[in-house]
1. In degrees, nearest 10, range 0 to 90: what is the angle between the Cα axis of helix C:305-314 and the longest Cα principal axis of chain C?
2. Quick one: plug the Kirkwood hydrodynamic radius of segment B:265-347 (C-alpha pairs) into Stokes-Einstein at 20 °C, 1.002 mPa s, and report D in µm²/s.
3. Take the Cα radius of gyration of segment B:185-253 and divide it by 2.2 N^0.38 Å, with N its residue count; two decimals is plenty.
4. Using the Cα atoms of segment C:86-233, I'd like the radius of gyration and the largest Cα-Cα distance, Dmax, both in angstrom.
5. Work out the charge dipole of segment B:143-370 with +1 on the Cβ of Lys and Arg and -1 on the Cβ of Asp and Glu about the Cα centre, then indicate which of B:G266, B:T279, B:V301 is farthest towards its positive end.
6. With the alpha-carbon atoms as the only input, what is the per residue convex hull volume for segment B:194-300 in Å³?
7. Starting from the Cα of B:E216, step 7 Å along the direction of its Cβ; do the same at C:L166; then give the gap between the two resulting points in nm.
8. Tell me, what is the Rg over Rh of segment A:1-133, with Rh the Kirkwood radius over Cα pairs?
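The values are calculated or read from the model by the stated rules, or taken from the named source; none is laboratory data. Computed from a prediction, not measured in an experiment: that's the story for all the values here. FYI the Cβ positions are ideal-geometry reconstructions off the backbone, even for glycines, and counts take in every protein chain you see. All accessible areas refer to the heavy atoms of the entire protein, side chains included, with ligands and DNA or RNA removed. Shrake-Rupley method; radii C 1.70, N 1.55, O 1.52, S 1.80 Å.
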Amino acid sequence: MANQPSIAERRTKVWEPYIRAKLGFRNHWYPVRLASEIAEGTPVPVKLLGEKILLNRVGGKVYAIQDRCLHRGVTLSDRVECYSKNTISCWYHGWTYRWDDGRLVDILTNPGSVQIGRRALKTFPVEEAKGLIFVYVGDGEPTPLIEDVPPGFLDENRAIHGQHRLVASNWRLGAENGFDAGHVLIHKNSILVKGNDIILPLGFAPGDPDQLTRSEVAAGKPKGVYDLLGEHSVPVFEGMIEGKPAIHGNIGSKRVAISISIWLPGVLKVEPWPDPELTQFEWYVPVDETSHLYFQTLGKVVTSKEAADSFEREFHEKWVGLALNGFNDDDIMARESMEPFYTDDRGWSEEILFEPDRAIIEWRGLASQHNRGIQEAR
Amino acid sequence: MANQPSIAERRTKVWEPYIRAKLGFRNHWYPVRLASEIAEGTPVPVKLLGEKILLNRVGGKVYAIQDRCLHRGVTLSDRVECYSKNTISCWYHGWTYRWDDGRLVDILTNPGSVQIGRRALKTFPVEEAKGLIFVYVGDGEPTPLIEDVPPGFLDENRAIHGQHRLVASNWRLGAENGFDAGHVLIHKNSILVKGNDIILPLGFAPGDPDQLTRSEVAAGKPKGVYDLLGEHSVPVFEGMIEGKPAIHGNIGSKRVAISISIWLPGVLKVEPWPDPELTQFEWYVPVDETSHLYFQTLGKVVTSKEAADSFEREFHEKWVGLALNGFNDDDIMARESMEPFYTDDRGWSEEILFEPDRAIIEWRGLASQHNRGIQEAR
Amino acid sequence: MANQPSIAERRTKVWEPYIRAKLGFRNHWYPVRLASEIAEGTPVPVKLLGEKILLNRVGGKVYAIQDRCLHRGVTLSDRVECYSKNTISCWYHGWTYRWDDGRLVDILTNPGSVQIGRRALKTFPVEEAKGLIFVYVGDGEPTPLIEDVPPGFLDENRAIHGQHRLVASNWRLGAENGFDAGHVLIHKNSILVKGNDIILPLGFAPGDPDQLTRSEVAAGKPKGVYDLLGEHSVPVFEGMIEGKPAIHGNIGSKRVAISISIWLPGVLKVEPWPDPELTQFEWYVPVDETSHLYFQTLGKVVTSKEAADSFEREFHEKWVGLALNGFNDDDIMARESMEPFYTDDRGWSEEILFEPDRAIIEWRGLASQHNRGIQEAR
Ligand code: FES
Ligand code: FES
Ligand code: FES
């Protein structure tokens, strides 16, 4: 089969880092909450790549520290006690840490302890951009955020609105379902399709396998893969079974999803979507081995306050219900249904791929090669 | 102890296959549903020996296929989509399989895929008999069904009615509890006993240990063990504790349970039961390592339509409530209470058996020697 | 750090038995129920150090036997059947055991079995003292109870009242939280403190590390450690953060908790507490690897019937609500919050201790050296 040479070999060699990355890739930026969810002086616990992290906004800036006391390992957020603006004190024995650098600056129960000033909680770099809170899970100086988001996401006049929810599947199944061109079939009855008069085929009959993807791996730029199936295939509008037509795609008037790409550390860009003037950016953020935070955003280029306000209204009144929930609920179901097959890693070697999976194969290879580290269980 | 020579040796050597068969014996027939539960064109998912299987009736005949798509491993029955009478299409990318031979005959999202015609889902032979659906979990050509049911079950003029439920114990504990003559004690307060005026001792004082069982292992026939305790023992009607009578068995007028036998792959025959003209056939069908489907049936020889109808009414109005539920509920409790001791296989070596367990010992040996394969976890 | 030399070494060598003792120490006495909870002829199942045990009072005396039948391993208490005062019969096949020595004295279903008189259930020595039922989990002749309770607990004129509850943490985290002087901080808002006008600092600034504890390991006596922090430290009443006062302790009029000590196999004595005339004795009894029975008692020296009655009333009307529940609820929360860090034993090597933990270090060492055995999983 020309389209799929030596899959077994790719699997064991080329994809090996990807298969190990059950908890995601380390040394990357991930969105974890909306900026509006982190209020001044109101700590919020999150879990990210298996690590318990505590967020707080201090003097307008958001900080992230390890949510586990150095002393006896209790979870700080089990009982939040903040006695100064810049610190949090462990509720158990009063070890007191600064939000900005994690340093143990005092111990309420033993002010003369030699540990004071000598220890520090792990901190995580935080950036606030486009109304999202990004956390860098890694070691050392973080790379610029712009290298970990899809091209255009940070563009100055692009307004972004979003939401997130927890999905019961590994993050890779989220990423692969999103980037998988063949999965359009599951959306065939979505009210978004008829309701928004969208062209939605049942699938795609791919052409030359060598023209189906284009990778971007330039230094200092986001690393990702474009799925070119749309250009190099024949869309399928009639599903045949044993010679007889069985189902049909939707022939609407709006052409959408013309450019689909996926980027490290696991974020999809669909353009335009779900409407000709919008772009969907969505992250599959590893939480633990069997769940991910599905962080969905829509972006629109707006050049005036009125346009921005109108997009914000439209986002909440229309697109959340019709697209982010209604339409994408099918995707969540698909990821959760794949999970048992991949939970013990047997799926990676037992799956049988077909031609449109070429894009997924490319993504697995790129992610294996260009990630900045594998997160280990801790 | 003459009755129980070298138990330890039997355990580690003779019973080894039986102890490994946590998921049951492969290459055997098992009942999974009543025929009336599988309607035309209405797929029903079941789990059997650890395998997810999807049943459907097409053109009157029942088929069984693996309930996991070859492509990305999703469960087909998570969203059943059948676009032709003879096929089921995976809801995810439209891989379409025939019910009869499992062949991948089309892919709705990519009709030209090279995989079409080259792949097939695993199928399972199915037979419908006596109102039950039997599935053969195995490889290659199945053995005739008649070799996997107790003698007489398929007799032409024997009417059969039944029901099934899930029990939270390994299937072997179901089988051993059923075949265990000493377990009558748990039924001493059952309303069936008084209500149906049955003779029910507390137990049996066995005679010559070599006369307690008779095995049948003829080629081409069902393989099983008869418990001859009834013939070679003294029934115990008075329970003594430290020299004083403590409890009594029930001296009714009806003699039942005269012949008790167990057959591969795990089905009991009690004759007559629960009434002099009836026979109980019951299966302990492995579902997973810690649960089994308890498939209970009653058979009666009927020679006219009226007799058949009358037995059917009696089954539903009387025997389900009094025997299959009321009486056998005690058995379910016993199996579930044994489960923790055997879950990690320690029970097989730590149990201390006594004389009436001779029949169970014989069954373990026969099952170890005459099964057609051990089901491995998959 | 002078206070904490070669912690890593202590951990791996000196504490090794303590770290292995996830299920507690074998060959010791543990309280399991109030005497009033075990009525004549009314078996009560308990779990202790991972073992299922069945208690019963026969002729006024309490006995304890293994709650698992020797035959097929079922739990006797799943269906209690006692047909004579001195025995319990297994509900399954009627194996009948004596409460006092566990001997298999009869089998109801087969009165002539060779097993009768040759087998016995494991029994556990029981003592009733101060209104509590103590069980000895071990082998051979038990040591005197007086060696396994804190000094003074059994004093003739000391009245004892108590209660128990299940806590979702390993027993060692219970013991360490109780003995941990630095943990007073968690109680700062307890109504007991203000309500009973107690002096309660935030913590203690320890003096000479070599004077912080005193161990008692004399032969034939209880083995334990006294925390001398109270005498050799400066109590901290003002909690400072980066140079500014943040919180304050409670300067009441009653001096309590002057002497705190912990004893094998895991029982704390706080004197006086929660009032100048009372003493709290509390046990952390291992149930399984992740839970313990928190057995709390208060003792008071009483010299008349009136004084005894008055203490009993006061215990139920005042101290249960104010101290044993209200105050100690904070301790339960702390133990359960530590549990995840220590569940897989990583906490023992990753924790970072500070000066007031000297007493805990001493306890771990003493327990490692003077326990009478490690309970293994069974
Ligand atoms: S556990 Fe946090 S200060 Fe002790
Ligand atoms: S998973 Fe079934 S068709 Fe793709
Ligand atoms: S299991 Fe207790 S008597 Fe058989």
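1. The answer is roughly 70 degrees.
2. Numbers: Rh = 14.5 Å.
In µm²/s, the coefficient is 148.
3. On the way: Rg = 15.8 Å, N = 69, 2.2 N^0.38 = 11.0 Å.
Normalised Rg, Cα atoms only: 1.43.
4. That works out to 23.6, 73 Å for Rg and Dmax.
5. Going by the Cα projections, it comes out as B:V301.
6. Working: hull volume 17.7 nm³, N = 107.
About 165 Å³ per residue, rounded to a whole number.
7. Simple spin-label model gives 4.8 nm for this pair.
8. On the way: Rg = 19.6 Å, Rh = 16.9 Å.
My calculation of the ratio gives 1.17.
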